[in-house]
Amino acid sequence: MKLLEERIRKDGIVKPGNVLKVDSFLNHQMDVELFNEMGKEFKRLFGDRPINKILTIEASGIGIACVVAQHFQVPVVFAKKAKSINLDGEMYTTKIESFTHKKVYDVIVAKKFLNKEDHVLIIDDFLANGCAVAGLIDLIQSAGATVEGVGIAIEKGFQQGGDIIRGKGIRVESLAIVESMDDETGTLSFREQ
């Protein structure tokens, strides 16, 4: 998606450790008009699938997932990284290692929000090592639901996550795939799609 690639080039900051900082428009301050264009593109890409639910993980994926859900006219479920007193009933749980935070989280979704009749589209802001997406797939499979695909805003194509998830036979559509990043020069390149 050229619009997203242009925005990354303009406002993204390449940091040491393969970190791409896009907090000015994607995962801290959010450009809702950009999100709307991303939602349209995900609808175009996955509109042929019988999607009745969007699943993401807190926190950065929620904004994008909500806008995508408007285009599909379906609810969003977000996996929580911490159990709170507001959660009740039975839960699906999995463990996810965060690339950004270098931490392992217990991630949970209430069983009442995910079941075997669901056809789920996973939406997230980044795909790097694939741990978050793999964990969400695990939650969906635990529920007996169907994974209809994975929609990613920015994929780091030089890391293994995309290959791992695609290797499981799951359709992954990334709006921008970063092929390389250089933290010394601040430059990055995108994979042609």
Phi angles of segment 167-176, converted by Karplus (6.51 cos²θ - 1.76 cosθ + 1.60, θ = phi - 60°) into ³J(HN,Hα) in whole Hz with x for Gly and Pro, give x, 8, x, 9, 6, 10, 10, 10, 6, 9
Place a +1 charge on the Cβ of each Lys and Arg in segment 114-193 and a -1 charge on the Cβ of each Asp and Glu, then give the dipole magnitude about the Cα centre in debye, rounded to the nearest 20.
340 debye
If we count every other residue with Cβ under 12 angstrom of GLU192's Cβ, Lys/Arg +1 and Asp/Glu -1, where does the sum land?
0
Over all viewing directions the Cα convex hull of segment 103-173 casts an average projected area in nm² of 4.8 nm²
Under the Karplus curve 6.51 cos²θ - 1.76 cosθ + 1.60, θ = phi - 60°, whole-Hz ³J(HN,Hα) for segment 115-127, x wherever Gly or Pro sits:
9, 5, 7, 7, 10, 10, 9, 7, 10, 8, 6, 10, 10
So for the pair ASP183, LYS103, with labels modelled 7 Å out along Cα→Cβ, what separation do we get in nm?
2.0 nm
Distance histogram in 10 Å bins (all Cα pairs of the chain, percent per bin)
9, 38, 38, 13, 2, 0
Kirkwood calc, segment 1-75, C-alpha pairs only, radius in angstrom 13.3 Å
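All other residues with a Cβ under 12 Å from the Cβ of VAL19 taken together, and with Lys, Arg as +1 and Asp, Glu as -1, what is their net charge? Don't skip to the end; give the middle numbers.
On the way: positive: LYS15, LYS21, LYS102, LYS156; negative: ASP23, ASP183.
My count for the surroundings of VAL19 gives +2.
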Write down the percent of antiparallel bridges among all DSSP beta bridges whose residues are both part of segment 2-180, to the nearest 5.
35 percent
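Every number here is computed from the coordinates shown, using simple stated rules; none is lab data. Computed from a predicted structure; not experimentally measured. When we count neighbours, we look across all protein chains shown, and the Cβ atoms used for this are built from the backbone with ideal geometry, even at glycine.
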